[in-house]
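Novice: Below you'll find the structure I mean.
Please treat every number below as a calculation from the coordinates, not as lab data. No experiment lies behind these values; they were computed from the predicted model shown. When we count neighbours, we look across all protein chains shown, and the Cβ atoms used for this are built from the backbone with ideal geometry, even at glycine.
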Amino acid sequence: MPQAFSSLRINPDRMLDSFTQLAAIGATAGGGVDRPTFSEAHLAARRWFREHIEQNGFEFRADGAGNHSAFLSCGDSSAPTLILGSHLDSVPNGGRFDGALGVIAALEVLKTVRENRISLNVNLEAMDFTDEEGTLVGLLGSAALAGHLRLENLQNPRGGQERLVEGMKRAGLSDESMLSAARTKESLAGYLELHIEQGKRLERAGVNIGIVTAIVGIWSYRLSFIGKADHAGTTTMEDRRDASLGAGAFTLAARELVMRDFSNCVVNVGKMEFAPGAFNIVPARVDVSLEFRSPDEDEFNRLDKALLELAARESSRFGLELKMEFLGRHSPSLMDDKVRAAFAAACDDLGLSHMPLSSGAGHDGQSLADLCPVGMIFVPSVDGASHSPREFTKWEDCVNGANVLLQAALRLGSG
Ligand code: GLV
Ligand code: MN
Ligand code: MN
């Protein structure tokens with residue numbers, strides 16, 4: 001890397017100004033943001049991003065999957081693109097940093113490169129990926145860009161098809177446009193993302209930067225335990241076919257199973273919907289939103305089998321019928337060695353401590369990992385809070401992360 005590059009730094013005040021403007025969109029009373037994919041607040045954040053890109057004189061790009069980006073031509077026209085980015089959607093009642101920090105830092109890197117008139121062997125793109133959080137599908141924009149998206153992923157999304165179709169319409173997207181967003185391997189030099197850790201490991205270790213080694217995979221199902229609606233006062237306990245018993249027993253048993261036999265994995269029942277859903281009716285049906293995560297593909301297959309067997313066992317124990325709907329999978333992925341080395345060298349040059357960390361959260365990089373070199377860095381989350389309005393990272397740590405992102409991009413782009 002040319003000597004002159006190593007003294008470059010992002011502008012912390014300018015980045016804070018952009019971050020603060022964005023955090024006001026969909027802001028909640030608790031200090032977080034509520035911007036589920038294609039909600040009014042999310043669409044407003046997307047408009048803000050577009051206007052910000054254009055006001056700052058960058059080329060705005062949008063693809064058929066609704067991924068929005070700023071493009072900076074700093075290599076020749078045939079040079080591949082190094083994408084930096086994250087996402088502007090949030091979980092319901094989420095935090096200000098998850099996703100937003102990575103998008104704002106990516107744009108700040110482009111501003112810094114442009115104002116210093118730097119030429120690289122790559123062009124740069126600061127990207128906001130569509131529906132990272134999985135309100136609708138999860139990693140939707142990045143899967144489309146990587147060419148992994150299939151029509152069936154849009155036909156049975158975990159957020160419900162009606163909601164997806166309606167949301168895509170509001171954003172001016174369609175199934176056909178979604179499937180048209182794929183890019184070629186040759187067009188991409190890599191993907192880098194700055195993100196908050198969403199855990200306590202960096203804070204506990206007193207380390208500035210986490211260099212991600214691997215991202216867990218995520219599989220999701222809807223399990224329906226089906227019994228019979230009956231009068232809750234007159235039906236004896238023996239006579240009931242109560243769907244809540246299967247759902248509840250399964251949830252507890254799944255926790256025990258994972259803690260006992262799958263210590264690298266996690267399982268979550270994030271939602272149960274009762275039908276008919278009244279104080280005085282024995283539940284006829286409970287739909288369970290099930291998600292589980294593993295860093296390893298073989299372990300996934302074993303866990304999948306074990307969880308489904310467990311669901312079948314608990315449902316027959318209470319005389320219920322079980323329906324299982326598979327709602328999608330995101331594979332675990334390893335981060336690229338060269339990108340990890342570039343992040344480590346950037347930290348060393350900046351005098352920042354660093355450590356290797358795995359990611360228990362899903363991220364867009366896992367969609368892209370078989371297409372181009374991918375890497376991520378984490379900055380400390382105060383008290384590990386995330387997917388909550390309590391999410392907070394000190395601005396100094398955000399600035400450190402953005403400078404590491406800049407320096408790694410310069411290294412990879414000039415190597
Ligand atoms: C996204 O943040 C996820 O891991 O669910
Ligand atoms: Mn995120
Ligand atoms: Mn998230």
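Novice: Identify all lysines with a Cα-Cα distance to residue 271 below 23 Å; exclude those on the same chain that are fewer than 8 residues away in sequence.
Specialist: Those lysines meeting the cut-off are 228, 305, 323.
Novice: OK, next. Determine ³J(HN,Hα), in whole Hz, for all residues of the stretch 148-163 in sequence, where each value follows from phi through the Karplus function 6.51 cos²θ - 1.76 cosθ + 1.60 and θ = phi - 60°; x replaces Gly and Pro.
Specialist: The phi angles translate into 8, 6, 10, 3, 5, 5, 8, 8, 9, x, 5, x, x, 5, 4, 5 Hz.
Novice: Search the structure for amide H atoms under 5 Å from the amide H of residue 385, placed 1.01 Å from N in the peptide plane, and list their residues when 5 or more places away or on another chain.
Specialist: 392
Novice: When all C-alpha to C-alpha distances in the stretch 117-229 are sorted into bins of 5 Å, what percent of pairs does each bin hold, rounded to whole numbers?
Specialist: Result returned by the calculation: 2, 8, 15, 17, 14, 15, 12, 8, 5, 2, 1, 0, 0, 0.
Novice: While we're looking at this one, here's another question. Mean separation of Cα pairs under 8 Å and 6+ residues apart, divided by the residue count of the stretch 254-305: what relative contact order is that in percent? Can you show the working numbers first?
Specialist: Values: 57 pairs, mean separation 17.9, N = 52.
Computed value for the stretch 254-305: 34 percent relative contact order.
Novice: Measuring from centroid to centroid over Cα atoms, what is the spacing of the stretch 77-112 and the stretch 42-68 in Å?
Specialist: Cα centres, the stretch 77-112 to the stretch 42-68: 11 Å.
Novice: Further question: Taking R0 as 22 Å, what FRET efficiency do you get between residue 396 and residue 348 from their Cβ-Cβ distance, rounded to the nearest 0.05?
Specialist: Values: r = 19 Å, r/R0 = 0.84.
So the FRET efficiency works out to roughly 0.75.
Novice: Tell me, what ³J(HN,Hα) does each residue in the stretch 35-45 have, in order and in whole Hz, if you take phi through Karplus 6.51 cos²θ - 1.76 cosθ + 1.60 with θ = phi - 60° and put x for Gly and Pro?
Specialist: Values per residue, Gly and Pro as x: 9, x, 3, 6, 5, 4, 5, 5, 5, 5, 5 Hz.
Novice: What are the extents of the Cα atoms of the chain along their three principal axes, listed from largest to smallest and rounded to whole Å?
Specialist: Principal axes ranked by extent give 80, 44, 42 Å for the Cα atoms.
Novice: Which FRET efficiency value, to the nearest 0.05, do you get for residue 6 and residue 261 by plugging their Cβ-Cβ distance into 1/(1 + (r/R0)^6) with R0 = 45 Å?
Specialist: Numbers: r = 49 Å, r/R0 = 1.08.
With R0 = 45 Å, the Cβ-Cβ based efficiency is 0.40.
Novice: Subtracting the Cα-Cα distance from 0.36 nm times the residue separation, let me have the gained length for residue 93 to residue 115 in nm, one decimal. Working shown, then result.
Specialist: Values: separation 22, 0.36 × 22 = 7.92 nm, distance 3.65 nm.
Separation in residues times 0.36 nm, less the Cα-Cα distance, equals 4.3 nm.
Novice: Quote the relative contact order of the chain in percent (integer), defining contacts as alpha-carbon pairs under 8 Å separated by 6+ residues. Don't jump to the answer; show the numbers that get you there.
Specialist: Values: 934 pairs, mean separation 95.5, N = 415.
Contact order relative to length: 23 percent.
Novice: Taking 7 Å along the Cα-to-C-beta vector as the label spot, tell me the residue 341-residue 213 distance in nanometres, rounded to one decimal.
Specialist: Distance between label points: 1.8 nm.
Novice: For the stretch 250-356, restrict the atom set to alpha-carbon positions and state the Rg and Dmax in Å.
Specialist: Radius of gyration, then largest Cα-Cα span, for the stretch 250-356: 20.3, 66 Å.
Novice: Now for a different question. Computed FRET efficiency, Cβ-Cβ of residue 59 and residue 313, R0 56 Å: what is it to the nearest 0.05?
Specialist: Efficiency for this residue pair is about 0.50.
Novice: If you don't mind, another one. Pull out the extension gain between residue 78 and residue 232, defined as 0.36 nm times the separation in residues minus the alpha carbon to alpha carbon distance; nm, one decimal. Before the final figure, lay out each step's value.
Specialist: Numbers: separation 154, 0.36 × 154 = 55.44 nm, distance 7.00 nm.
Extra length available between residue 78 and residue 232 comes to 48.4 nm.
Novice: Could you list the square roots of 5 times each eigenvalue of the Cα gyration tensor of the stretch 1-144, that is, the equivalent ellipsoid semi-axes, sorted largest first and rounded to whole Å? Provide the component values of the computation, followed by the final result.
Specialist: On the way: eigenvalues 146, 61, 29 Å².
Value: 27, 17, 12 Å, ordered largest first.
Novice: Tell me, in nm to one decimal, what length is gained between residue 187 and residue 253 on full extension, where the rule is 0.36 nm per residue of separation less the Cα-Cα distance?
Specialist: Numbers: separation 66, 0.36 × 66 = 23.76 nm, distance 4.71 nm.
Difference between extended and current length: 19.0 nm.
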